[in-house]
Amino acid sequence: MRPVEKPQIGQSIQFRNSNDQVVNHVVQVSYKPYSEAKMPLVTCIGEYCSYCELKKDIGDLAVEHITAKTRGGALTEWDNFLLSCNVCNSNKGAQLINITDSHWPHLNNTYMSFIYDESGRVNINPILTGLSRQHAQKLYDTCKLGRYPQSQQSPSLSDFRWRKRLETWNRAMSNLQNYINGKLTIDDVLENALLMGNWSIWFTVFKGEDLVRRELISRFPGTAPMCFDPANHYEPIPRNPQNAVDPV
Ligand SMILES: [Zn+2]
């Protein structure tokens with residue numbers, strides 16, 4: 001899951017609204033109605049679901065309450081917002097979540113939380129232990145990332161996230177071959193990645209191609225650069241090294 005950096009309250013940003021007008025905006029503590037936080041979020045972290053990473057039209061993304069509204073989560077506070085697609089939003093639903101018991105893409109290096117493979121599956125990163133593992137598992141269960149055909153957790157009727165991951169994996173693999181063969185430029189690869197989303201799959205497949213990894217970090221809006229080590233092939237590094245029990 002792509003780790004992101006949300007802008008701080010008070011930060012100035014600029015976007016074009018649905019009437020194609022340039023809006024100069026300062027990130028607020030709260031948004032009433034909360035739907036007004038959508039364009040600032042999309043501007044800063046891109047038109048992607050924060051959880052499944054799929055590219056979505058703005059109209060198909062919702063302002064997601066990290067702690068559910070019905071569970072006492074702040075209805076209008078910027079700090080309680082991410083973006084989510086319909087499937088992740090309904091999977092997450094109104095589960096009771098203690099925010100400190102789980103990884104989150106704006107607080108942790110969630111690229112370390114999970115691994116993605118050629119089957120379209122997502123799994124907990126096997127290197128994790130102790131509380132890091134428990135916190136990754138919590139986010140995995142909350143978003144039902146384990147849903148996969150003919151598994152213990154079958155997808156709901158509208159949950160095709162696994163198929164999109166599979167398509168993206170295959171596309172990223174063919175892009176890698178064509179990039180190595182010189183048939184695709186780095187801009188071609190990035191264009192395809194930005195169009196499809198599933199950032200973590202592109203980042204996984206392009207392991208060893210440092211220039212592509214660097215551009216995946218810089219061109220997907222809001223990807224948290226401190227989560228990756230440029231001196232070591234942009235491999236992930238803990239985001240909270242001061243936290244002895246869960247540095248991820
Ligand atoms: Zn989603």
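Structure above, values below:
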{"quantity": "Full-extension gain in nm, A74 to F15, via 0.36 nm per residue minus C-alpha separation", "calculated": "18.7 nm"}
{"quantity": "Loop-exposed trypsin sites (Lys or Arg not before Pro) per DSSP, neighbour cap 15 Cβ within 10 angstrom, longest uninterrupted part of the chain", "calculated": "1-182"}
{"quantity": "Sum of side-chain charges, Q152 neighbourhood, beta-carbon under 14 Å (Lys, Arg +1; Asp, Glu -1)", "calculated": "+2"}
{"quantity": "Solution diffusion estimate, µm²/s, Stokes-Einstein, the range 112-248, Kirkwood Rh from C-alpha pairs, 4 °C, viscosity 1.567 mPa s", "calculated": "80 µm²/s"}
{"quantity": "Computed [θ] at 222 nm, helices only, for the chain once each DSSP H run of length n ≥ 4 contributes -39500 (n - 2.57)", "calculated": "-9000 deg cm²/dmol"}
{"quantity": "For q = 0.08 Å⁻¹, Debye-computed log10 I/I(0) when each Cα of the range 12-236 counts as one equal scatterer", "calculated": "-0.30"}
{"quantity": "Cα centroid separation - the range 89-110 against the range 161-177, whole Å", "calculated": "26 Å"}
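Bear in mind these aren't lab numbers, they're just calculated from the coordinates by the rules spelled out. Note that this is a predicted model, so its numbers are computed, not measured. Glycine gets a Cβ as well: all are built from the backbone with ideal geometry, and neighbour counts include every protein chain shown.
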